[in-house]
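Notes for the one structure printed next.
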Amino acid sequence: MAAPQPQATPAPPPDAGLWRLALEASGDGVWDWHIASGHEYRSPLWGAMLGYSPDEAAGLEWRHLLHPEDRDEALRRLEACLHGATPAYEAEFRLLGKDGRYRWIQARGTVCERDAAGDPVRFVGTHRDVSVAHAEIENLRKSERLWRFALEGHGDARWDWSIDGGEIYISPSFRSIIGLCGNRPVRGNDIWPERLHPADLRRAMAVFDAHLRGREPIADVEFRLRCEDGAYRWVAVRGKVMERNAAGKALRMTGTVRDVHDRHLAVEREKRQAQELARAGRLIHMGEMATALAHELNQPLTAIRNFSGVVLRRLDAVGPLADPLREPLEMIAQQALRAGEIVHRVRGFVRKGRPVTVPVAIGSVVRSVVRFMQPDLGASNVRVVVDLAEGLPRVLADRVQLEQVLANLIRNAIDAMAALAGERVLRISARPGADGCVELAVADQGPGLAEAIRADPFLPFATTKPDGVGLGLPICRTIVENHGGRLWVEHSSPAGTTFCFTLPALAG
Amino acid sequence: MDDPLVCVVDDDDAVRLSMSLLIETLGLPVQSFSSALEVLSDEEVLRQAHCLVLDVRMPGLSGVGLQERLGRLGHTLPIIFVSAHGDVPMVARAMREGAFDFLQKPFNEQTLLDRVQEAVQFAAAQRAARARLAEIQARIDSLTARESDVMAGMVAGRLNKQIAEGLGISIKTVEQHRARVMEKLQVDSLAELVRLVVGMGGAEASKNGQ
């Protein structure tokens, strides 16, 4: 609605036709100032963007609405244009709205009529509300400030990459991670992909790419970077695009880099240990299987051999009549021993993997097993209390096998407490035992050993677990005895079960 | 004399029976048990047993555990271990504790029989020696205090005169005591007497010492 307001604009200028309609349709507020008369036409939008009706807007002195911080600059630009110092008037300033809040206004204008002396007669222009864009810019600035603050506060090494120009700023601590001396300028390509480990290249670049294309809010990736000495170090890189052009193309990206090499190696080491433990478990499992099988076969073979022997001796009383029976009977006896030999050889073959005993600190083994098993313990809501006597001597043991024993006893304890309501406590203790031994105890609060296995919990293939093979405890006992120790049930009642085992301590 | 009883202890029924029948072919009485604790509670058997054939690994008290308990109780009967496991540390332990032998199952049955016989003979000899020592001790114990003193002098190689002076008695009395000592100890010569007493542990064996 371009209906002129009679009070402020008594006579719309004759040429105020088409161009003004066009301007107003563009969403801008329009002003048309007759300098000599002091009359100023203001379109309805001019006031609306500040929350005023056209009537109210007509009577406003806009200079008084200017934000104090913006006033001088805005008026300076206006004067410059009026006096012909600049061909066009362009300014951004805040104007006070009716609701008491400032709006960001982008003003453009030009002197469209001058008198013979060159003084301005008529000045027209537009106001555009750019508050939203301004808020966005402000937000961006804020987030960049926060970002920087976060980075610098964290003590991480920093980088700032001008993607278009290709330069990358890398902070001194970044330089020291990769062993780069001096301040020689670096280009982005010199860091990534140039220094990336070939095995990490594809993965790392995919993460960067996803962020650069705006698919991910942040780039966050760990990879190996080649240092000046040629060695690779694991680093964790986080980055964010700070500037994009109108088309959304990333112009500048900044972020952090952290040296996570040692942590990475520790994680790798732990993973390897867990694998080794599993592998050793399988081997021992096989060895124990063979041992158990050997035992089960050796008993009937012994009986066969003995019974044959009994019959052969009784035949002596029969005399020559029995002679045709003697030879086949002797064959039976012979074959029994032969079968025993085979069993013996198989077991010897499987048992090749003798324990490699070294001095081991019990405490460190207990802690590492508890750490390995933390996921299981946590999932079963079991709290572990470790109680190690002061100054325990070290023991001579195969660390992996010892871990196997502890892991097995802990697993049994977890299973034993599966039906327990409330807090479940698993107590692992170690103290000096008799005869220069270290005695370890694993105590649960479960309902005690099941009737089926109470008589001999170490019997191979006896189990109360639905998916159990019944070799866990026999394995443990074999291992402990191979170390020269003992494994036994110290206590079993409806209030809990305690397994104990000893290992010979290292003298001195 | 007691029968030279052989005890077989094994939790496997077939093995236990076969070993019992086998050992019976030697003409020896056999008593078998399926657990170590049963043996421990049978005093009559322990008194008569000349040999124990013992499985190493059994539920409850193990064979090696029984060996330890018997040792503590002062039993010295020979033990032959048999095991279906090749537990090297256990074998070492059993042998250290004084096992008579250790056989890995399955074994040549003749080896077992040979070892059982040797063990029985060993136990019999041990018992005979113990019985003889007890008998000699009984003879020595039958001497009077004075006869014992005279015997100590005889064993020490003193002449009757020296013994008489030492004890403050007449030579005639010494000669009477000498004859009584020879008679009570059932020896015909001084040399035989010395051998007997020294075999018992020397002068300490005399009834009241010196």
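The values are calculated or read from the model by the stated rules, or taken from the named source; none is laboratory data. Remember, it's a predicted structure, so these values are computed and weren't measured experimentally. Here Cβ is always computed from backbone atoms with ideal geometry, including for glycine, and neighbour counts include all displayed protein chains.
Here are some notes:
- So B:V39, is it touching a His at 6+ places or on another chain (Cβ under 6 Å), over 30 Å from A:R345 (Cβ atoms) and assigned to a helix (DSSP H, G or I): no
- Scanning the range A:285-306 for residues that are in contact (Cβ under 8 Å) with a residue 40 or more places away in the chain and facing another protein chain (nearest Cβ under 10 Å) gives A:T291, A:A292, A:A294, A:H295, A:E296, A:L297, A:N298, A:L301.
- Test: A:R101 is in contact with a strand residue (DSSP E or B) (Cβ under 7 Å, 6 or more places away or on another chain) and at pLDDT 85 or above: no
- Test: residue in the range A:130-149 that is surrounded by 13 or more Cβ atoms within 10 Å (Cβ to Cβ) and within 19 Å of A:A36 (Cα to Cα): no
- Residue ID - modelled with the highest pLDDT, chosen from residues in the range A:490-508 that are more than 13 Å from A:L409 (Cα to Cα) and among the polar types (S, T, N, Q): A:T502
- Selection within the range A:100-130 - β-branched (V, I, T) and more than 50 Å from the chain's Cα centre (by Cα): A:T110, A:V111, A:V121, A:V124, A:T126
- Restricting the range A:238-269 to residues that are among the small types (G, A, S) and not in a loop (DSSP other than H, G, I, E, B), the residue that is surrounded by the fewest Cβ atoms within 10 Å (Cβ to Cβ) is A:A266.
Residue by residue, here is whether (1) more than 7 Å from chain B (Cβ to nearest Cβ); (2) free of Cβ contacts under 8 Å to residues at least 60 places away in the same chain; (3) in contact with a Cys (Cβ under 8 Å, 6 or more places away or on another chain); (4) crowded, with 18+ Cβ neighbours inside 10 Å holds:
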residue	(1), (2), (3), (4)
A:S308	yes, yes, no, yes
A:R313	no, yes, no, no
A:V318	yes, yes, no, no
A:E327	yes, yes, no, no
A:A333	yes, yes, no, yes
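- First in the range B:15-27 and without any contact (Cβ under 8 Å) to a residue 12 or more places away in the chain and facing another protein chain (nearest Cβ under 7 Å), second anywhere and of a type in the set (V, I, T) and crowded, with 24+ Cβ neighbours inside 10 Å, Cβ under 9 Å, 6 or more apart: B:S18/A:T302
- Restricting the range B:86-106 to residues that are within 8 Å of another protein chain (Cβ to nearest Cβ) and in contact with a strand residue (DSSP E or B) (Cβ under 7 Å, 6 or more places away or on another chain), the residue that is surrounded by the fewest Cβ atoms within 10 Å (Cβ to Cβ) is B:Q104.
- Any hit, the range A:271-293, residues being modelled with pLDDT under 85 and closer than 30 Å to A:I218 by Cβ: yes
- Qualifying residue in the range A:49-60 (condition: under 56 Å from the mean Cα position of the chain (by Cα), assigned by TED's automatic domain parsing to the domain that holds A:L23 and free of Cβ contacts under 8 Å to residues at least 40 places away in the same chain): no
- Within the range A:68-98, considering residues that are at pLDDT 90 or above, small (G, A, S) and not in a helix (DSSP H, G or I), the one farthest from A:A133 (Cα to Cα): A:G97
- Checklist (1) surrounded by 15 or more Cβ atoms within 10 Å (Cβ to Cβ); (2) aliphatic (A, V, I, L, M); (3) modelled with pLDDT under 90 applied to A:M205, failing item: (3)
- Among helices (runs of 4 or more DSSP H) entirely within the range B:67-169, having at least 3 residues that are in contact (Cβ under 8 Å) with a residue 40 or more places away in the chain and over 23 Å from the mean Cα position of the chain (by Cα) singles out B:145-155.
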